[in-house]
Amino acid sequence: MKLTILLFCYNLEMLIEQAIESVLNQKTDFEFQLVVADDGSTDNTMNIVNDYAKIFPTTILPLTSSKVDFFENVYRTENAIKCEYIALLDRDDFGNLKENYNSRLIF
């Protein structure tokens, strides 16, 4: 895998679809994966993520845990991925991102 995009989340039901769609709409010349690392959400966040993962099983990887601190969530997530590059996606980073990752990785 060339690029893994990490999205750390907790109770993002209102934003998660838009964040996922912004990643899926990327136009790249390489394989990428979105890892959604949930920290014990109590809303519908992971139901939405799991629905997307069923449709895009090689692109979206949901990781869930019971409530842990942020750094433990980061450590657990980093140990679960194998890729050349890592990008972070903040919960409100979406919009006009088309071709964004592709242009950043072309040197």
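The values are calculated or read from the model by the stated rules, or taken from the named source; none is laboratory data. Only a predicted model underlies this, so the values are computations on that prediction, with no experimental measurement involved. With ideal geometry, Cβ positions are generated from the backbone for all residues, glycine too; neighbour counts draw on all protein chains shown.
Here is how the numbers come out for the structure above:
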item	result
Residue match in region 34-56 (condition: closer than 19 Å to Met1 by Cβ, touching a Lys or Arg at 6+ places or on another chain (Cβ under 7 Å) and among the hydrophobic types (A, V, I, L, M, F, W, C))	no
Residue ranges of strands (runs of 3 or more DSSP E) in region 13-92 with at least 2 members of a type in the set (Val, Ile, Thr), crowded, with 16+ Cβ neighbours inside 10 Å and under 15 Å from the mean Cα position of the chain (by Cα)	32-38
Residue match in region 29-41 (condition: at pLDDT below 80 and small (Gly, Ala, Ser))	no
Long-range neighbours under 7 Å by Cβ, at least six apart or interchain, first residue within 10 Å of Phe32 (Cα to Cα) within region 75-86, second hydroxyl-bearing (Ser, Thr, Tyr)	Cys83/Thr4; Ile86/Thr4
